[in-house]
Amino acid sequence: MNQTSNGGGLSRIRRGLWAMTGVAVVALGAAFLWRAQTPGDLPGPRVTGEAAITNAYTLTDHTGRSVTADDFDGQWQLVFFGFTHCPDICPTTLAYMAQVMDALGPKSAQVTPIFVTVDPARDTRDVMAAYVEAFHPRMVGLTGTEAQIAEAAGNFRVWYERAEDTTAPNGYTMAHSGHIYVMAPDGGFVDVWLEGDAPAETFAENLSALIQATGSSS
Amino acid sequence: MKPIALAVFCAALPTLAAADLSVTDPWARASILASRPGAAYLTLESDIADQLTALETPAAGHVMLHDTVTDTNGVSRMNHIEALDLTPGTPVTFAPGGMHLMLMDLTGKLEEGSTFPLTLTFENAGEITVEVPVLSVTATGPGNAE
Ligand SMILES: [Cu+2]
């Protein structure tokens, strides 16, 4: 189970998913214990001590369904916060997530890429549907009220800000953090990546190894 | 006044004739909704100091030069560049995550497989028009058109 020594070929990765595998395993164990002592259907936030990033939200998906983080239980989740008026970083990151999914091959069935808007005023359910469908058939788009989005972003420690800009459509644009959050099937935080950190194939290889490592224990 | 103006014009002529400015690898990402801004990318290289001062295309109401700046916290924001200086021998590459041409008020969806003309105006080189191919929404560079 302990694979942390095998890190040589993966030195390109900023923080190293291998080191994080240990955290994920601990988190899985902790979640298991926590669940064992908690009544079955009680929803709860999932926190790892590492970064205090909490996978918790109540939002509306691109099909109009109200969802919480619990709805993605059992799936690895790649979570990205962005907005559709962003023509550069956001489509590039969504394309990167789609490439990771393709590179994962059959293992992509265990992964859900999630795009959360930080601009819910303009990114309605229909807009989110058009976007996620254009990038990957398994991608989920999430929107909500300003308060719901603020809560979700706060839980993920995602920073975003409306920047007034008279040259932008509707007079504003958004500044936002462009991280991809890797969340384990128990909802626990595993790692954050930026699109430019490594090629999609490298991301996929690391994620694939994580899936393999945790899958073998079941 | 008149002789001086003429002298300046004559002095500028040889430079104009010798100058070579290339616009290579233009591409744009297909749009998902026409109501959202598009982005185009290309590479510029000039033999002489020059400045990109204006951009125009029938595909968009107006085109802006933007630089995406990502700070150490991973926060990205777009900065507007008024005019872009070209230094001789130093190519300027527009690419995802860096500089892009922001296509505002699209006249229609940028459809994958189509092209649109883009006219760049330079202080010295004058107007150069290139045909910009529209690649897929998941394209990340001019090379992965297939
Ligand atoms: Cu821009």
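The values are calculated or read from the model by the stated rules, or taken from the named source; none is laboratory data. Predicted model only: the values in this text are computed from it and were never measured. Here the Cβ is made from the backbone with ideal geometry for all residues, glycine too, and neighbour counts use every protein chain on show. The area values use the complete protein model at the heavy-atom level, side chains included, leaving out ligands, DNA and RNA. Shrake-Rupley method; radii C 1.70, N 1.55, O 1.52, S 1.80 Å.
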For segment B:45-68, pairs from a residue that is outside any strand (DSSP E or B) to a residue that is open to solvent by 10 Å² or more (accessible area, probe 1.4 Å) and within 12 Å of the ligand (Cβ to nearest atom), with Cβ under 8 Å and 6 or more apart or across chains, are B:Thr57/B:Val63
**Request:** Could you tell me whether any residue of segment B:54-70 is under 30 Å from A:Val100 (Cα atoms), surrounded by 15 or more Cβ atoms within 10 Å (Cβ to Cβ) and touching a Ser or Thr at 6+ places or on another chain (Cβ under 9 Å)?
**Result:** yes
Across segment B:73-96, the tally of residues that are within 11 Å of another protein chain (Cβ to nearest Cβ), within 16 Å of the ligand (Cβ to nearest atom) and open to solvent by less than 30 Å² (accessible area, probe 1.4 Å) stands at 3
**OP:** Assess whether A:Pro87 counts as being over 16 Å from A:Pro185 (Cα atoms) and either open to solvent by 40 Å² or more (accessible area, probe 1.4 Å) or within 12 Å of another protein chain (Cβ to nearest Cβ) (or both).
**Re:** yes
(1) closer than 27 Å to B:Ser114 by Cα; (2) more than 9 Å from chain A (Cβ to nearest Cβ); (3) within 16 Å of the ligand (Cβ to nearest atom) all hold for B:Ser22 apart from (3)
Any chance segment A:160-172 includes a residue that's at negative phi, in contact with a Phe, Trp or Tyr (Cβ under 6 Å, 6 or more places away or on another chain) and more than 14 Å from chain B (Cβ to nearest Cβ)? no
Note on A:Gln99: of the conditions (1) open to solvent by less than 10 Å² (accessible area, probe 1.4 Å); (2) within 14 Å of chain B (Cβ to nearest Cβ), unmet is (1)
Within segment B:97-131, the residues that are β-branched (Val, Ile, Thr), open to solvent by 70 Å² or more (accessible area, probe 1.4 Å) and not in a loop (DSSP other than H, G, I, E, B) are B:Thr115, B:Thr129
Taking segment B:50-72 and the residues there that are within 16 Å of the ligand (Cβ to nearest atom) and more than 11 Å from the chain's Cα centre (by Cα), the one that is farthest from the other protein chains (Cβ to nearest Cβ) would be B:Ala59
Within segment A:64-101, of all residues that are part of a helix (DSSP H, G or I) and over 30 Å from B:Asp67 (Cβ atoms), the one farthest from the ligand (Cβ to nearest atom) is A:Asp70
Of those in segment A:178-199 that are facing another protein chain (nearest Cβ under 9 Å) and either aliphatic (A, V, I, L, M) or crowded, with 23+ Cβ neighbours inside 10 Å (or both), the residue nearest to the ligand (Cβ to nearest atom) is A:Gly178
Residue hits (segment A:106-145; more than 14 Å from chain B (Cβ to nearest Cβ), assigned to a helix (DSSP H, G or I) and open to solvent by less than 30 Å² (accessible area, probe 1.4 Å)) are A:Ser108
